[in-house]
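Notes for the one structure printed next.
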Amino acid sequence: MTLIELLIAVTLFGAISASMGVVLNIAFTSMNKIDTKVDFNRRIIASQRTLDQILQGMIPVQTPCAGKPIGIAALETGTRFVSSHSLTEGSRGRPQIVELFVAPSPNGGVRLLLNERPYFGKRSLSAVCGMPFQVQQTSFILADRLSSCRFGFRRIDLSTGTELWFQSWVFPEWPSAVRIEMAPLKFEANQIQPGTIYAPILVMNNDVENPTL
């Protein structure tokens, strides 16, 4: 093997190695982007599933709350009630006083937050029912970087069967459904975006007392 042949072989090896390095760098960058999108989509799906389970696990506690005889505080910016589903304990733990509310986000726009505290009886709910929603160190972020997030509460007119939606709940009976409308601050292609959560509330009779509550 001559010196020229050796130089050609070394040059070809270097060119192939450099090309492989570029290809591997592109592959790893693409993999990181895909992992980021998959993780984001999983968090969106998990948050929506959590919201559905918490809202559908609402317990119709009959106790004075925010000037109403039922145990729910309901505003356009948030709601407070008792649920059989817990973020930390699932459906097998103790009922929790749940707060779902909107707060400014340090990343821009607003965010949807979740607070939970143990439910120890009707008095524990009445004691906090009129309190403002507050961001705590333990607040869980369900959705972030939203341009808007607002709550709606459905009432069905029994005389006509018409669905009526209200931004706050001032009626003595339970709402038949809760709606959370979310819009992203910035649309990201090929990603699941936060949308509207709609959960029917299965309360059949407001006059029935549950002795275990």
message: If I build a Gaussian network model for the chain, linking alpha-carbon pairs within less than 10 angstrom, which residue out of ALA27, ALA127, ALA73 has the largest mean-square fluctuation?
response: ALA27
message: Run lengths n ≥ 4 of DSSP H only: what is the helix-derived mean residue ellipticity at 222 nm for the chain, with -39500 (n - 2.57) per run over all residues, to the nearest 500?
response: -10500 deg cm²/dmol
query: Given the options ARG111, ARG92, ARG80, which has the most mean-square fluctuation in a GNM of the chain, springs set between C-alpha atoms less than 10 angstrom apart?
result: ARG92
- prompt: Among THR2, THR11, THR50, which comes first, second and so on when ranked by fewest other beta-carbon atoms within 10 Å?
  reply: THR2, THR11, THR50
- prompt: How do the peptides 59-69, 12-22 rank, highest first, by the average count of neighbouring beta carbon atoms within 10 Å per residue?
  reply: 59-69, 12-22
- request: Using only Cα atoms, find the angle between the long axis of helix 3-56 and the longest principal axis of the chain, and express it within 0 to 90 degrees, rounded to the nearest 10.
  value: 0
message: Of the candidates VAL98, VAL110, VAL128, which one comes out as most mobile in a Gaussian network treatment of the chain with C-alpha springs shorter than 10 Å?
response: VAL128
message: Quick one: the Cα spread of region 39-200 along its three principal axes, in angstroms, biggest first?
response: 45, 40, 27
- line: When ASP157, ASP144, ASP52 are ranked with the fewest other C-beta atoms within 10 Å first, the list becomes ASP157, ASP52, ASP144
message: Taking 41 Å as R0, compute the FRET efficiency from the Cβ-Cβ separation of SER124 and GLN191 and round it to 0.05.
response: 0.55
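Computed from the coordinates by the stated procedures, all read-outs in this text should not be read as laboratory data. These figures come from a predicted structure and were not determined experimentally. Neighbour counts are summed over all protein chains in view; Cβ atoms, including those assigned to glycine, are modelled from backbone coordinates with ideal geometry.
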